[in-house]
Amino acid sequence: MSDWQRAFSVEEIGFGSWKQVDLDGTIVVIYNVDGEFFAIEDICTHDGAVLSGCPLEGDEVICPRHGARFSVKTGEALSAPAWEATATFPLKIENGDLFLRDNRWD
Ligand code: FES
């Protein structure tokens, strides 16, 4: 089980925006969706495109290469050509700072 890692202050991610963080070698994107924060791996499961930098539509991010949609809340692939979810990571807020950890091998 990995330890919680501080990412950054919640004030650094405004509504509707995102920020990347390196979590023990895995690039993760943290999104602010209407004041709630969600973290997914920064990779499209179709063919490996980077998802960060793409605009949010509600709680969905659209892959720039072939248009697959992912829920940033659940990581679920919502449309072809991606079928597998991208990984999600638990987040917590302490004293105004965001922390995340990698629970994929718990
Ligand atoms: S690489 Fe993302 S949809 Fe193809």
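Specify the residue that is farthest from Ile30 (Cα to Cα); the eligible residues are those in the stretch 45-91 that are more than 9 Å from the ligand (Cβ to nearest atom), in a loop (DSSP other than H, G, I, E, B) and of a type in the set (Asp, Glu).
Once the filter is applied, the top-ranked residue is Glu84.
From Asp42, Asp34, Asp59, Asp3, which residue is more than 15 Å from the chain's Cα centre (by Cα) and acidic (Asp, Glu)?
Being more than 15 Å from the chain's Cα centre (by Cα) and acidic (Asp, Glu) holds for just one of Asp42, Asp34, Asp59, Asp3, which is Asp3.
Output the residues belonging to the stretch 26-63 that are modelled with pLDDT under 95 and surrounded by fewer than 15 Cβ atoms within 10 Å (Cβ to Cβ).
Within the stretch 26-63, Asp34, Gly35, Gly53, Pro55, Glu57, Gly58 meet the criteria.
Might you let me know whether the stretch 83-92 holds any residue that is surrounded by 13 or more Cβ atoms within 10 Å (Cβ to Cβ) and without any contact (Cβ under 8 Å) to a residue 24 or more places away in the chain?
no
Among the residues of the stretch 11-55, which ones are at positive phi and in contact (Cβ under 8 Å) with a residue 40 or more places away in the chain?
Once the filter is applied, which keeps residues that are at positive phi and in contact (Cβ under 8 Å) with a residue 40 or more places away in the chain, the stretch 11-55 yields Gly16, Asp24.
Just one of (1) in contact (Cβ under 8 Å) with a residue 24 or more places away in the chain; (2) within 28 Å of Asp3 (Cβ to Cβ) trips up Gly58, so point out which.
The one condition Gly58 does not meet is (2).
Does the stretch 56-65 contain any residue that is charged (D, E, K, R) and on the phi > 0 side of the Ramachandran plot?
No: the stretch 56-65 contains no residue that is charged (D, E, K, R) and on the phi > 0 side of the Ramachandran plot.
So which residues in the stretch 93-106 are assigned to a loop (DSSP other than H, G, I, E, B) and either in contact with a Gly (Cβ under 8 Å, 6 or more places away or on another chain) or surrounded by 14 or more Cβ atoms within 10 Å (Cβ to Cβ) (or both), if there are any at all?
Arg101, Asp102
The values are calculated or read from the model by the stated rules, or taken from the named source; none is laboratory data. Remember, predicted model here, so these are calculated numbers, not experimental data. Counting neighbours? That spans all protein chains shown, and the Cβs are built from the backbone with ideal geometry, glycine included.
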